[in-house]
1. Under the condition of being among the aliphatic types (A, V, I, L, M) and open to solvent by 10 Å² or more (accessible area, probe 1.4 Å), which residue from segment 435-470 is nearest to Gly418 (Cα to Cα)?
2. Taking segment 25-40 as the region of interest, how many residues are assigned to a strand (DSSP E or B) and among the aromatic types (Phe, Trp, Tyr)?
3. For segment 41-67, give me the residue count where each residue is touching a strand residue (DSSP E or B) at 6+ places or on another chain (Cβ under 6 Å) and not in a strand (DSSP E or B).
4. I'd like to check which strands (runs of 3 or more DSSP E) are fully inside segment 258-354 and have at least 1 residues that are free of Cβ contacts under 8 Å to residues at least 40 places away in the same chain, surrounded by 17 or more Cβ atoms within 10 Å (Cβ to Cβ) and hydroxyl-bearing (Ser, Thr, Tyr).
5. Being in contact with a helix residue (DSSP H, G or I) (Cβ under 7 Å, 6 or more places away or on another chain) and either hydroxyl-bearing (Ser, Thr, Tyr) or surrounded by 15 or more Cβ atoms within 10 Å (Cβ to Cβ) (or both) is the filter here, so list the residues in segment 59-78 that pass it.
6. Hey, any hits in segment 185-204 for a residue that's assigned to a helix (DSSP H, G or I), at pLDDT 75 or above and in contact with a strand residue (DSSP E or B) (Cβ under 6 Å, 6 or more places away or on another chain)?
7. Among the residues of segment 86-116, write down those that are in contact with a Phe, Trp or Tyr (Cβ under 7 Å, 6 or more places away or on another chain) and on the phi > 0 side of the Ramachandran plot.
8. Failed condition for Phe246, given (1) at pLDDT below 90; (2) open to solvent by 40 Å² or more (accessible area, probe 1.4 Å); (3) closer than 26 Å to Pro113 by Cα, with all others met?
Amino acid sequence: GGAARGRFAVVGGGIAGVTCAEKLAAEFPSEDIFLMTASPVIKAVTNFKQVSKTLEEFDVEEQQSSLLEKRYPNIRVIQSGVKQLKSDEHKIYTEDGKEYIYEKLCLCAGAKPKLIVEGNPYVLGIRDTDSAQAFQKNLAQAERIVVVGNGGIALELVYEIQGCEVIWAIKDKAIGNTFFDAGAAEFLLPKLTAESRETTIECKRTKYTLEGSEKKGRPTGASDKLGSALGPDWHEGLHLKGTKEFSHKVHIEILCEVKKVHLQQEFIQLQRTSMTFPKGEKNVEADEVLWPIYVELTNGKIYGCNFIVSATGVVPNVEPFLDGNNFAVGEDGGLKVDKHMHTSLPDVYAAGDICTAAWEPSPVWHQMRLWTQARQMGWYAAKCMAADALGESIDMDFSFELFAHITKFFNYKVVVLGKYNAQGLGSDHELMLRCTKGHEYVKVVMQNGRMMGAVLIGETDLEETFENLILNQIDLSAYGEDLLNPDIDLEDYFD
């Protein structure tokens, strides 16, 4: 009986929690580190590569927790969810009825998919490899699905699905708004609608287009939040193929959200008409088929389908920790943390999707609920906990100097840096663009002659140069439009 005691406890078996526990275990080899997780598998970072100062690439692997305990004999994995936290007593109660007393605690419980409606068997939230697999089972019998959401997961999902009609509802004007602007979407669209997927022939770079100096501000709001525990390659090895023989049928409904979801019976009672898959601009044919579920969009259209995929971001998983504890919570529902990953409660830290960065960020960094940030935050939180425990001081980690993310969309390499969508810059900025169809897309965001952000799609080899230009905030006004001239080797200028 009695409570087990440990100097450090970490809650959550995702990337942030596992990274945090590993770092603590390495720093304190003679201390037991408790890692509490509701799931029998943990997520581990493998094949880690530091691509540049701030860009990193890695794979995420689901592993048995026993593998983690083998690598770090002082990590004790407790396979149970947390029932309650009593922060004033430094105590955690787990679902299996045990108690643990900690000196310092890090909460890394992640986030859960925001579902359009809860508890409807025809509405699937998709956020990680488990939900992707469940999704595949359903797709095998599907003739039409509706995908709602405009983040990275929706984008990849729609691209991968074959042999099934896809109605894609997005609240923005263009696809992939979390990562791109309309220009990048335009660049990627041909890949989405292509009937077959041959390997593309390398295009010669003939010209570059420039649409600079048009002032355009985009309001940043809810659509700039993304929670994806999936990472770039989650769909590999999944056979995303529906029942139909054709390869690709996607219809995009823009500037709309889901107004209501109707089960078959409710739809029949509505006595409204639903639509067939649109064949052209003027098509408004009534659908004769009866579907298990219907989606009514805010633009007035109704579509029937086999099921709805809700890929609309995430909600931080704070539920079990709030009761009886006075946490400061951010607008996005996450636990607020300061620049040492400290929550508002003594000896409680948080990292990854569950937390909200509440420090004054660098002008070219922002929080996004992505795997890269989960890893960085988990690692840095462990360093902060160690420094505090030893009474040392610590500097903000360099990874928070510049937002940097590398991924793959539609088989293109995609790098986003800094305020790549002019987040928070208002209308006081300019865009410069260079695009070679089917080959590469380069966009930079400029403010007062300084580079604030960039989107690089394709093999551009510009990421390190641009990373330096953004970090060093060099005045580039002198180069004007030549900044993106492919015949000029930028690296000669800035070394």
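The values are calculated or read from the model by the stated rules, or taken from the named source; none is laboratory data. It should be emphasised that the depicted structure is a prediction, and the values quoted were computed from it without experimental measurement. For neighbour counting, all protein chains shown are included, and Cβ atoms are generated from backbone atoms with ideal geometry for every residue, glycine included. Calculation scope for accessible area: heavy atoms of the full protein, side chains included, ligands and nucleic acids excluded. Shrake-Rupley method; radii C 1.70, N 1.55, O 1.52, S 1.80 Å.
1. Among those that are among the aliphatic types (A, V, I, L, M) and open to solvent by 10 Å² or more (accessible area, probe 1.4 Å), it is Met452.
2. Applying the first criterion (assigned to a strand (DSSP E or B)) to segment 25-40 yields 33-37.
Okay, now just the ones that are also among the aromatic types (Phe, Trp, Tyr), so 34.
Within segment 25-40, residues that are assigned to a strand (DSSP E or B) and among the aromatic types (Phe, Trp, Tyr) number 1.
3. 4
4. In segment 258-354, 293-297 are the strands (runs of 3 or more DSSP E) which contain 1 or more residues that are free of Cβ contacts under 8 Å to residues at least 40 places away in the same chain, surrounded by 17 or more Cβ atoms within 10 Å (Cβ to Cβ) and hydroxyl-bearing (Ser, Thr, Tyr).
5. Those that are in contact with a helix residue (DSSP H, G or I) (Cβ under 7 Å, 6 or more places away or on another chain) and either hydroxyl-bearing (Ser, Thr, Tyr) or surrounded by 15 or more Cβ atoms within 10 Å (Cβ to Cβ) (or both): Val60, Leu68, Tyr72, Asn74, Ile75, Val77.
6. yes
7. His90
8. Against the list (1) at pLDDT below 90; (2) open to solvent by 40 Å² or more (accessible area, probe 1.4 Å); (3) closer than 26 Å to Pro113 by Cα, Phe246 comes up short only on (3).
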